[in-house]
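Take a look at the structure set out below.
Where a number appears in this text, it was derived from the coordinates with a stated rule and is not lab data. The structure displayed is predicted, hence computed values, not measured ones. Don't worry about glycine lacking a Cβ; one is built from the backbone with ideal geometry, like all the others, and counts go over all protein chains shown.
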Amino acid sequence: MCFQGYCALQHTKFQMDKCAGMSGVNEPFHNYDPGQYFCELTTPRGVPDAAMATIRRRIGEIGLPALRARAAAAEHELINLGITFTVYSDANAIDRILPFDCIPRILTAAEWAILESGVRQRVATLNAFLHDIYHDRRILTDGVLPADLVLGNPNYQPAMERFPVRFGTYVHICGTDIVRDPQGDFLVLEDNARTPSGVSYVVENRHLMARAFPDLMAGMRLRPVDDYGRRLLEAMTEIAPEGVDDPQVVLLSPGIYNSAYFEHVFLAREMGVPLVEGGDLMVEDDRVWMRTTSGRRAVHTIYRRIGDDFLDPTVFRPDSMLGVPGLIGAWRKGNVSLANAVGTGVADDKAVYAYMPRMIRYYLGEDAILSNVETHICREPEGLAFTLANMEKLVVKPVGESGGYGITIGPRASKAEIEAARAALLADPENWISQPMIDLSVAPTLTETGVRPRHLDLRPFAVTGRNTWVLPGGLSRVALKEGSLVVNSSQGGGSKDTWVLADEGSMG
Amino acid sequence: MLRRSFLLSRYAEGLFWMARYLERVENLARLIDVTQSFESPGRESEAWFALVRINADEEDFLKRGLTPDAASVKHFYMLDRANSTSIPFSLESARHNARTLRPLIATEMWRQLNIFHRDVLAIDASELEGDRLSSLCTRIKEGVQAQSGITAGTFYRDQGHYFYQLGRLIERADQTTRLLDIRYHLLVNGGYEERRLTEITQWGGILRAAAGYHAFRRVARPGFTPEDVVSFLLQDKQFPRSVGCCLDEIDACLTHLRSVHNLRGTAPALERVDELRNALFGQSASDIIIAGLHEFLDALQSDLISLAGEIGSAFFPMVQPPRGAEASSQSQS
């Protein structure tokens, strides 16, 4: 096993010698056809794309059998390293990996410039919006956004009203889900402003790529992804309560039974801070302390990976065992900082999302750099009328749900399903939005039947303390099932290493 | 500038138990290996049931309706994940603790433990048969030893290292007393000369199981007696698995935590170590045997449990016991 990487390299050389004559079924791109979709590797970008051509050629040189063997070895190494999420049932713990596809997804420097500035713009808007609604509510009095959409939102936290957060930053860590349409334009699907996950896979996929496919990466000038932990720690240190010299940062995790536990470990290690669970912390004198072998020790910033409702059983859910009694009190006194702030869920709500282009204009006076997916807001009469008239062409989504629940995909729904959705929509229009079905872009992906186009999305991660920094690239999630648009790991999704080319024409 | 390190109580506890469980796995493999060598024709079951006795598992074993024969005992310790004194249970518990410690331990430690764990869970019943058993025991032993080597070579030596060592040393001392106790439970029949030869073979087997046979040969008198073996395994200061050697190292760990990391809560534990040493070196091996070796070993085991209790109540009193911790308080046999 230990020598697999080495043997694979030897094997590659052997394949390269023969590749001149390779064709047909062992040629990975044999019969590759992305159809009407934008292909992240093969659709011409209109800029010099030497890197794309190089990768395609190198994959061809490796050949399908070696590609498969090396991909399997790479995934096996993920299991050995425990880069896994764990599924618990009774006494058994089953470790699953997020499947790794070895063909990288490549973004050009120009594409990344758009994505990066678009993400910054949205993060700035989300923070301005949160500050506004928890202070003066100008956006509501100006009638840009319906007041009950905010004030009646279950994620709105009265505890946040008039509460100062450092630098006006509420969303310290943001994950923006982005897709690409057949024209190659990027569209934002949703903002994740609570506790977005997946960044550990961005970094681990790059490490895995470098170990298992050094020949694919050779000479490529890529934007590095190793800096995430340092940037995150920097932001967490910046937002600590004022006047604390050398603040103590911790990462608060629900513990080993959480499916994102590996990521919590990864981030704690990359920051060099303790991973704590609720039981490790206590509140005394309105301050937060952790229990150590030499007694209590002060904590100043908590990067929490548990939801608002679970933070403090004395304020939110009394049955929560994950949080820390008294934490919100200590936070209200300004003795500890939380990232993300409490009450950010109101900003990444699906209905609020629909207003994002208007919010960007309202707060920043700019047009949105990244478009929303065209969204019809059924609480608005024209949106409702359009939706009702086009049910069979639209995706109809409830605003309050997440994880794909309650969605009706018109083009793939039966008549009965469409009528049921119509009835639900008419009963409570305010709970619904509709969007056209997007033909997501595809990327060549190694499958049972060879390299085939599979749909994918992109989640860049932005870290904000005093300023915003965006990790180059992000997590590319790929739907491994043919034709599937669902990229979630729980439903057969995998991931790819995401390369951002350092500059145009990017071979070093 | 480097920061002064500190350690979460929960991590201290996890490290202590991770090390204990790993040490237990290695020693169980040693015990099983030596038990096989104690099988004498027609008396296989007795040799195997002695293993159940020294682990104080008789009640649990019989309650499950198991028959005290070789196959059942081997299965009980090597395959039964529900048995809290089995190898798979102990390894599972070690890995469970390691998972909570991933922010702290070296990646290489976690990786090896993962692979080793998978290997042990895949043990097939056919591997417990005949000559395959001994090589399986070796494989398990080496799995723990690889982990120990990686830990020695990679694990950062702040407080955590010393809590890890404490768990390992306390478990090792405990297991050595159990290994020695196995002799007590073996019946030897036959005439004088036959008994003498069998006994010599058995003592040799115990020394081999503890990996101390050759070292013992170097220091023992030519015609060695049981007293010499008992003295070696309990009181020798150079043999790494002797109780005396473990106590010295435990003392050194506690003293380091006290002087370098300023953990004043070490005082009661250090006192316990002194008491243990007084009991251990207060009498000669022959006096111990005359007064009753089995009773002496029982008392040592009980004192080691108290020592672990002092460390726990001083440094990790508030946290939940880790899964599988109940297996630690093996009752006194």
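From least to most packed, judged by other beta carbons within 10 angstrom and beginning with the fewest, A:Leu151, B:Leu270, B:Leu113 follow the order A:Leu151, B:Leu270, B:Leu113.
Sorting B:Lys74, A:Lys393 on the 10 Å Cβ count, fewest up front, what's the list?
On the way: B:Lys74 22, A:Lys393 12.
Final ranking by Cβ density, sparse to dense: A:Lys393, B:Lys74.
Which angle from 0 to 90°, rounded to the nearest 10, does the C-alpha axis of helix A:109-133 make with the longest principal axis of chain A? Between the helix axis and the principal axis of chain A, the angle is about 10 degrees. Extents of chain A, largest first, come to 73, 66, 48 Å (Cα atoms, principal axes, whole angstrom).
The Cα-based radius of gyration of region B:1-131, divided by its Kirkwood radius, gives an Rg/Rh of 1.08. The charge dipole of chain B, taken about its Cα centre with unit charges on the Cβ atoms of Lys, Arg (+1), Asp and Glu (-1) only, comes to about 1300 debye. Here is how the number arises for chain B: DSSP H runs of 4 or more residues each give -39500 (n - 2.57), the sum is divided by the residue count, and the result at 222 nm is -23000 deg cm²/dmol. How far is it, in nm, from the label point at A:Asp226 to the one at A:Thr86 when both lie 7 Å from their Cα along the line to the Cβ? Taking the two extended label points, one gets 3.0 nm. Dipole orientation for chain B: of the candidates B:Asn262, B:Ala82, B:Ala220, B:Asn262 has the Cα lying most toward the positive pole (charges on Cβ; Lys, Arg +1; Asp, Glu -1). The simple Förster model, with R0 at 25 Å and r as the Cβ-Cβ distance, assigns B:Asp248 and B:Ile123 a FRET efficiency of 0.10.
Maximal additional length on extending the A:Arg57-A:Ile79 stretch stands at 5.0 nm, based on 0.36 nm per residue less the C-alpha distance.
Going from the fewest other Cβ atoms within 10 Å to the most, the residues A:Val451, A:Val336 appear in the order A:Val451, A:Val336.
Among B:Leu233, B:Leu62, B:Leu304, which one shows the biggest mean-square fluctuation in a GNM of chain B, springs joining Cα atoms closer than 10 Å? Ranking B:Leu233, B:Leu62, B:Leu304 by mean-square fluctuation puts B:Leu62 first.
Size descriptors for chain B: radius of gyration and Dmax over Cα atoms are 19.7, 73 Å. Enclosing the Cα atoms of region A:317-359 in their convex hull gives a volume equal to 106 cubic angstrom per residue.
Using only the Cα atoms of region A:416-462, build the gyration tensor, take square roots of its eigenvalues as a ≥ b ≥ c, and label the shape rounded, prolate or oblate: rounded if a/c is under 1.5, else prolate if a/b is larger than b/c, else oblate. Could the numbers behind the result be given before it?
On the way: a/c = 4.46, a/b = 2.03, b/c = 2.19.
Oblate is the answer for region A:416-462, as a/c is 1.5 or above yet b/c matches or exceeds a/b.
What fraction of the Cα pairs in region A:305-384, stated in percent, has a spacing above 18 angstrom? Intermediate results must be reported in sequence, preceding the final value.
Working: 1846 of 3160 pairs.
The answer is 58 percent, as a whole percent.
What's the magnitude of the charge dipole for chain A around its Cα centre, counting Lys and Arg as +1 and Asp and Glu as -1 at the beta-carbon? Answer in Debye, nearest 20. Provide the component values of the computation, followed by the final result.
Numbers: 50 positive and 63 negative charges, 167 e Å.
Charge dipole of chain A: 800 debye, to the nearest 20.
Ellipticity at 222 nm from helices only: DSSP H runs of n ≥ 4 in chain A, each -39500 (n - 2.57), divided by the residue count, give -9500 deg cm²/dmol. One Cα centroid belongs to region B:231-267, the other to region A:132-195; the line between them spans 58 Å.
Can you give the FRET efficiency to the nearest 0.05 for B:Glu59 and A:Ala72, using r as the Cβ-Cβ distance and R₀ = 45 Å? Walk me through the numbers before you get to the answer.
On the way: r = 48 Å, r/R0 = 1.06.
The calculated FRET efficiency here is 0.40.
Placing unit charges on the Cβ atoms of the charged side chains and taking the dipole of chain B about its Cα centre, the candidate lying farthest along the positive direction among B:Ala56, B:Gly149, B:Gln235 is B:Gly149.
Roughly how many debye, to the nearest 20, is the charge dipole of region A:228-294 about its Cα centre, given +1 on each Lys and Arg Cβ, -1 on each Asp and Glu Cβ, and no other charges?
340
Applying 0.36 nm per residue to the separation of B:Asp158 and B:Asp298 and subtracting their alpha-carbon distance, the gain on full extension is 47.0 nm.
Candidate membrane-span-like segments in chain B, meaning DSSP H helices with Cα atoms spread over at least 27 Å of their own axis and a Kyte-Doolittle mean of -1.0 or above, are B:9-38, B:130-154, B:159-181, B:285-315, with no membrane implied. Ellipsoid semi-axes for region A:319-463, based on the Cα gyration tensor and the rule √(5λ), read 33, 24, 19 Å when sorted largest first. Taking the charge dipole of region A:235-372 about its Cα centre, with +1 at Lys and Arg Cβ atoms and -1 at Asp and Glu Cβ atoms, the residue from A:Val288, A:Phe310, A:Val265 reaching farthest to the positive side is A:Phe310.
Taking 0.36 nm per residue of sequence separation and removing the Cα-Cα distance, the A:Ala416/A:His207 pair yields an extension gain of 70.4 nm.
Can you tell me the FRET efficiency between A:Asp245 and B:Arg264 if r is taken as the Cβ-Cβ distance and R0 is 25 Å, rounded to the nearest 0.05? Intermediate values should be presented prior to the final figure.
Details: r = 26 Å, r/R0 = 1.05.
So the FRET efficiency works out to roughly 0.45.
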